[in-house]
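Some notes on the structure that comes next.
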Amino acid sequence: MEANDVLAAWRHQEEQLRAGRTRGDLQLGVASREQIAGKTGLEIMQSLLRGELPAPPISDTLDFALIEVDYGRAVFQGRPLERHYNPLGTVHGGWFATLLDSALGCAVHTALPAGKSYTTLELKVNMLRALTKKVELVRAEGRTIHVGGQVATAEARLVDAAGKLYAHATTTCLVFDLPPR
């Protein structure tokens, strides 16, 4: 598929997701323990995708959104904007890292059973080329490598609609039981 066709498909997918949310308005916040009780990580991520749980405020601040989830996989789509620029006139590396960290962590989350959670222990990002607002959309796709009882690992790639690689990353996450309330 041509890059313009992929970009159009990405735009359409984002519009469909926003239109299909359970609530018309985008709720920002953090899901309560009651909202996620008894749900697997995949069920929680699917609920986020459908808009049944509030979207994390960082997604609004940094202009990115969860686009797809499957077991062991999460895709985020981001809009690089001038407000994300560093003093050199390109998108700040922290924006790359945040988008990739989200895809990595959420990929791990999709593979966790109910009652389990995770936190990032290590994030390694390789930034390969500069990104500016001339690139309308990018996607970070995270995939698990290993999910065990205590440790999980994942990898992710940040690409544009033409498939050009801007960065790639790996993570190690600590897996733990959610503490009782």
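No lab work stands behind these numbers, since they all come straight from the coordinates. Fair warning: this is a prediction, and the values are worked out from it, not measured in the lab. Ideal geometry is used to build each Cβ from the backbone, glycine not excepted, and the neighbour counts take in all protein chains shown.
Tabulated data for the structure shown
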{"quantity": "Burial ordering of ILE145, ILE44, ILE58, fewest other beta-carbon atoms within 10 Å first", "calculated": "ILE58, ILE145, ILE44"}
{"quantity": "Stretch gain in nm, segment GLU82-LYS124, where the contour uses 0.36 nm per residue and the Cα spacing is subtracted", "calculated": "12.6 nm"}
{"quantity": "Percentage, to the nearest whole number, of Cα pairs in segment 45-118 over 22 Å apart", "calculated": "26"}
{"quantity": "Kirkwood hydrodynamic radius over Cα pairs of the chain, then Stokes diffusion coefficient at 4 °C and 1.567 mPa s, in µm²/s", "calculated": "78"}
{"quantity": "Residue with peak Gaussian network fluctuation, the chain [Cα springs, cutoff 10 Å], from VAL125, VAL30, VAL159", "calculated": "VAL30"}
{"quantity": "The chain - mean residue ellipticity at 222 nm from DSSP helices (-39,500 (n - 2.57) per run, n ≥ 4, rounded to 500)", "calculated": "-9000 deg cm²/dmol"}
{"quantity": "Folded to 0 to 90 degrees: helix 93-110 orientation relative to the chain principal axis, Cα", "calculated": "40"}
